[in-house]
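The structure under discussion appears below in the form of C-alpha coordinates.
The values are calculated or read from the model by the stated rules, or taken from the named source; none is laboratory data. Just so it is clear, the structure is predicted and the values come from calculations on it, not from any experiment. Using ideal geometry, Cβ is built from the backbone for each residue, glycine included, and neighbour counts are taken over all protein chains shown. Note: accessible area is taken over every heavy atom of the protein model, side chains too, but ligands, DNA and RNA are not part of it. Shrake-Rupley method; radii C 1.70, N 1.55, O 1.52, S 1.80 Å.
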Amino acid sequence: MNNSPTVTRPGRELYAGQSREQRESERHDKIVAAAVHLFATRDYDEVTVADVCAAAKVSKRYFYHHFTDRADLLFRVHTAQNSWLLDALVAAGPPAGTVEELVTPVMHTLTRLLREHPERARVIYINAPRMELRRRGLLREEAVLLGDLILRSGNTPADRRLFERAVLALVAGATELIIEWVVQGFTEPAEELAGHLTSIAVSMLAEMVAGVAVTPEPA
(Lines give C-alpha, C1' and ligand atoms only; values in the text may rest on other atoms or scores of the structure.)
Protein backbone atom coordinates (compact mmCIF):
# COMPACT_ATOMS: atom_id res chain seq x y z
CA MET A 1 0.00 0.00 0.00
CA ASN A 2 1.40 3.38 -0.96
CA ASN A 3 1.15 5.83 1.95
CA SER A 4 3.23 8.54 0.35
CA PRO A 5 1.58 11.95 0.28
CA THR A 6 -0.62 12.94 -2.59
CA VAL A 7 -0.73 16.68 -3.02
CA THR A 8 -4.26 17.84 -3.79
CA ARG A 9 -3.49 21.54 -3.59
CA PRO A 10 -0.67 23.62 -2.09
CA GLY A 11 -0.40 23.08 1.68
CA ARG A 12 -2.94 20.25 1.80
CA GLU A 13 -1.57 16.70 1.63
CA LEU A 14 -3.37 13.37 1.93
CA TYR A 15 -1.89 10.34 3.66
CA ALA A 16 -3.80 7.09 3.16
CA GLY A 17 -6.70 9.16 1.87
CA GLN A 18 -6.95 11.43 4.93
CA SER A 19 -6.05 15.07 5.45
CA ARG A 20 -3.96 16.19 8.41
CA GLU A 21 -7.08 17.54 10.13
CA GLN A 22 -8.89 14.23 9.68
CA ARG A 23 -5.96 12.28 11.11
CA GLU A 24 -5.69 14.62 14.10
CA SER A 25 -9.42 14.32 14.77
CA GLU A 26 -9.24 10.55 14.52
CA ARG A 27 -6.33 10.36 16.95
CA HIS A 28 -8.13 12.66 19.38
CA ASP A 29 -11.24 10.46 19.27
CA LYS A 30 -9.14 7.33 19.82
CA ILE A 31 -7.49 8.88 22.88
CA VAL A 32 -10.84 9.92 24.34
CA ALA A 33 -12.39 6.49 23.70
CA ALA A 34 -9.41 4.78 25.34
CA ALA A 35 -9.57 7.15 28.31
CA VAL A 36 -13.29 6.56 28.84
CA HIS A 37 -12.69 2.81 28.93
CA LEU A 38 -9.66 3.02 31.26
CA PHE A 39 -11.15 5.60 33.64
CA ALA A 40 -14.34 3.52 33.83
CA THR A 41 -12.65 0.23 34.57
CA ARG A 42 -9.67 1.24 36.72
CA ASP A 43 -8.87 3.70 39.48
CA TYR A 44 -7.74 7.07 38.18
CA ASP A 45 -4.33 6.82 39.90
CA GLU A 46 -3.67 3.50 38.13
CA VAL A 47 -4.15 4.97 34.66
CA THR A 48 -1.03 6.49 33.10
CA VAL A 49 -0.57 8.51 29.94
CA ALA A 50 1.36 5.52 28.58
CA ASP A 51 -1.66 3.29 29.25
CA VAL A 52 -3.96 5.63 27.38
CA CYS A 53 -1.57 5.90 24.43
CA ALA A 54 -1.14 2.13 24.27
CA ALA A 55 -4.91 1.56 24.31
CA ALA A 56 -5.45 4.26 21.69
CA LYS A 57 -2.46 3.06 19.64
CA VAL A 58 -0.99 6.54 19.37
CA SER A 59 2.37 7.94 20.47
CA LYS A 60 2.82 10.25 23.45
CA ARG A 61 3.73 12.99 21.00
CA TYR A 62 0.20 12.91 19.64
CA PHE A 63 -1.27 12.72 23.15
CA TYR A 64 0.48 15.93 24.20
CA HIS A 65 -0.62 17.59 20.98
CA HIS A 66 -4.21 17.35 22.26
CA PHE A 67 -3.90 17.30 26.08
CA THR A 68 -1.63 18.98 28.61
CA ASP A 69 -1.41 16.01 30.97
CA ARG A 70 -3.49 13.24 32.53
CA ALA A 71 -5.49 15.64 34.72
CA ASP A 72 -6.38 17.74 31.68
CA LEU A 73 -7.50 14.56 29.89
CA LEU A 74 -9.73 13.53 32.79
CA PHE A 75 -11.32 16.97 33.05
CA ARG A 76 -12.03 17.22 29.35
CA VAL A 77 -13.28 13.64 29.07
CA HIS A 78 -15.59 14.15 32.06
CA THR A 79 -16.85 17.43 30.61
CA ALA A 80 -17.49 15.86 27.21
CA GLN A 81 -19.42 12.93 28.67
CA ASN A 82 -21.62 15.26 30.71
CA SER A 83 -22.27 17.44 27.67
CA TRP A 84 -23.26 14.36 25.69
CA LEU A 85 -25.76 13.36 28.38
CA LEU A 86 -27.21 16.83 29.00
CA ASP A 87 -27.67 17.48 25.28
CA ALA A 88 -29.68 14.27 25.01
CA LEU A 89 -31.84 15.21 28.01
CA VAL A 90 -32.57 18.64 26.58
CA ALA A 91 -33.62 17.05 23.30
CA ALA A 92 -35.88 14.57 25.13
CA GLY A 93 -37.92 17.23 26.93
CA PRO A 94 -41.27 18.08 25.29
CA PRO A 95 -42.16 21.75 24.69
CA ALA A 96 -45.16 21.74 27.06
CA GLY A 97 -47.10 19.65 29.54
CA THR A 98 -47.61 18.91 33.20
CA VAL A 99 -44.67 18.22 35.47
CA GLU A 100 -45.17 14.50 34.95
CA GLU A 101 -45.43 14.84 31.17
CA LEU A 102 -42.30 16.98 31.07
CA VAL A 103 -40.16 14.89 33.42
CA THR A 104 -41.11 11.37 32.29
CA PRO A 105 -39.28 11.34 28.91
CA VAL A 106 -36.24 12.98 30.46
CA MET A 107 -35.92 10.35 33.20
CA HIS A 108 -36.43 7.50 30.76
CA THR A 109 -33.84 8.94 28.38
CA LEU A 110 -31.42 9.41 31.28
CA THR A 111 -31.62 5.84 32.57
CA ARG A 112 -31.70 4.30 29.08
CA LEU A 113 -28.55 6.11 27.95
CA LEU A 114 -26.67 5.26 31.13
CA ARG A 115 -27.67 1.59 30.85
CA GLU A 116 -26.66 1.48 27.18
CA HIS A 117 -23.33 3.20 27.87
CA PRO A 118 -22.10 1.81 31.22
CA GLU A 119 -18.53 3.08 30.81
CA ARG A 120 -19.74 6.62 30.18
CA ALA A 121 -22.03 6.26 33.19
CA ARG A 122 -19.11 5.31 35.42
CA VAL A 123 -16.98 8.20 34.17
CA ILE A 124 -19.81 10.68 34.79
CA TYR A 125 -20.99 9.42 38.17
CA ILE A 126 -18.29 7.24 39.75
CA ASN A 127 -14.68 7.39 38.61
CA ALA A 128 -14.03 11.12 38.52
CA PRO A 129 -11.82 11.88 41.56
CA ARG A 130 -10.50 15.34 42.34
CA MET A 131 -13.52 16.85 40.65
CA GLU A 132 -15.77 17.75 43.56
CA LEU A 133 -16.13 21.39 42.52
CA ARG A 134 -16.87 20.31 38.95
CA ARG A 135 -19.45 17.79 40.23
CA ARG A 136 -21.23 20.43 42.30
CA GLY A 137 -21.26 22.79 39.35
CA LEU A 138 -22.80 20.07 37.20
CA LEU A 139 -25.53 19.46 39.77
CA ARG A 140 -26.51 23.11 39.48
CA GLU A 141 -26.32 22.97 35.71
CA GLU A 142 -28.64 19.95 35.67
CA ALA A 143 -30.99 21.66 38.12
CA VAL A 144 -31.22 24.72 35.86
CA LEU A 145 -31.90 22.45 32.90
CA LEU A 146 -34.74 20.65 34.69
CA GLY A 147 -36.19 23.86 36.11
CA ASP A 148 -36.17 25.52 32.69
CA LEU A 149 -37.85 22.48 31.18
CA ILE A 150 -40.75 22.77 33.63
CA LEU A 151 -41.04 26.56 33.41
CA ARG A 152 -40.79 26.89 29.63
CA SER A 153 -44.26 25.38 29.16
CA GLY A 154 -45.85 28.28 31.04
CA ASN A 155 -45.90 26.76 34.51
CA THR A 156 -45.26 29.34 37.21
CA PRO A 157 -44.07 28.49 40.74
CA ALA A 158 -45.73 30.40 43.54
CA ASP A 159 -42.34 30.69 45.27
CA ARG A 160 -39.53 30.79 42.70
CA ARG A 161 -36.71 30.42 45.24
CA LEU A 162 -38.37 27.44 46.89
CA PHE A 163 -38.89 25.87 43.46
CA GLU A 164 -35.22 26.34 42.50
CA ARG A 165 -34.06 24.78 45.77
CA ALA A 166 -36.47 21.88 45.40
CA VAL A 167 -35.19 21.20 41.88
CA LEU A 168 -31.58 21.25 43.12
CA ALA A 169 -32.48 18.88 45.96
CA LEU A 170 -34.24 16.61 43.47
CA VAL A 171 -31.25 16.50 41.13
CA ALA A 172 -28.82 15.85 44.00
CA GLY A 173 -30.99 13.04 45.35
CA ALA A 174 -31.51 11.54 41.90
CA THR A 175 -27.74 11.59 41.37
CA GLU A 176 -27.21 9.52 44.52
CA LEU A 177 -29.81 6.99 43.38
CA ILE A 178 -28.13 6.77 39.97
CA ILE A 179 -24.70 6.29 41.58
CA GLU A 180 -26.12 3.42 43.66
CA TRP A 181 -27.66 1.90 40.53
CA VAL A 182 -24.42 2.13 38.55
CA VAL A 183 -22.31 0.73 41.43
CA GLN A 184 -24.68 -2.24 41.76
CA GLY A 185 -24.17 -3.08 38.10
CA PHE A 186 -27.45 -1.83 36.60
CA THR A 187 -29.30 -4.82 38.06
CA GLU A 188 -32.55 -2.88 38.34
CA PRO A 189 -34.33 -2.26 35.00
CA ALA A 190 -33.78 1.24 33.64
CA GLU A 191 -37.55 1.69 33.19
CA GLU A 192 -38.18 0.96 36.87
CA LEU A 193 -35.63 3.52 38.07
CA ALA A 194 -36.97 6.07 35.58
CA GLY A 195 -40.48 5.54 36.92
CA HIS A 196 -39.33 6.04 40.50
CA LEU A 197 -37.40 9.19 39.61
CA THR A 198 -40.44 10.56 37.80
CA SER A 199 -42.72 9.84 40.78
CA ILE A 200 -40.28 11.55 43.15
CA ALA A 201 -40.04 14.58 40.86
CA VAL A 202 -43.82 14.90 40.56
CA SER A 203 -44.34 14.56 44.32
CA MET A 204 -41.72 17.25 45.02
CA LEU A 205 -42.50 19.79 42.32
CA ALA A 206 -46.07 19.53 41.04
CA GLU A 207 -47.71 21.35 43.95
CA MET A 208 -45.21 24.21 43.66
CA VAL A 209 -46.24 25.02 40.11
CA ALA A 210 -49.44 26.98 39.58
CA GLY A 211 -52.19 25.08 37.79
CA VAL A 212 -50.57 21.66 38.21
CA ALA A 213 -52.09 19.39 40.82
CA VAL A 214 -50.81 16.10 42.15
CA THR A 215 -53.12 13.19 41.38
CA PRO A 216 -53.46 11.19 44.60
CA GLU A 217 -52.48 7.54 44.54
CA PRO A 218 -55.41 5.08 44.64
CA ALA A 219 -56.09 3.79 48.13
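For residue 169 and residue 50 in the same chain, what is the full-extension length gain: residue separation times 0.36 nm, less their Cα-Cα distance, in nm?
On the way: separation 119, 0.36 × 119 = 42.84 nm, distance 4.03 nm.
Separation in residues times 0.36 nm, less the Cα-Cα distance, equals 38.8 nm.
Measure off, as a whole percent, the carbon and sulfur share of the 1.4 Å-probe accessible area of the chain, all protein chains present.
Numbers: 6550 of 12260 Å².
Heavy-atom surface of the chain belonging to carbon and sulfur, 1.4 Å probe: 53 percent.
Can you tell which of 184, 139, 158 lies farthest toward the positive end of the dipole of region 83-184, using +1 and -1 charges on the Cβ of basic and acidic side chains (Lys, Arg; Asp, Glu)?
Farthest towards the positive pole: 139.
Residue by residue through region 48-56, what is 3J(HN,Hα) from phi via Karplus (6.51 cos²θ - 1.76 cosθ + 1.60, θ = phi - 60°)? Round to whole Hz and write x for glycine and proline.
For region 48-56, the Karplus-derived couplings read 9, 4, 4, 4, 5, 5, 5, 5, 7 Hz, x marking Gly and Pro.
Give the peptides 155-163, 29-37 in descending order of average Cβ contacts within 10 Å, highest first.
Packing proxy ranking, top to bottom: 29-37, 155-163.
What FRET efficiency do you get for residue 33 and residue 159 if R0 is 41 Å and r is their Cβ-Cβ distance, rounded to the nearest 0.05? Write down the numbers at each step before the final one.
Values: r = 45 Å, r/R0 = 1.11.
Efficiency, rounded to the nearest 0.05: 0.35.
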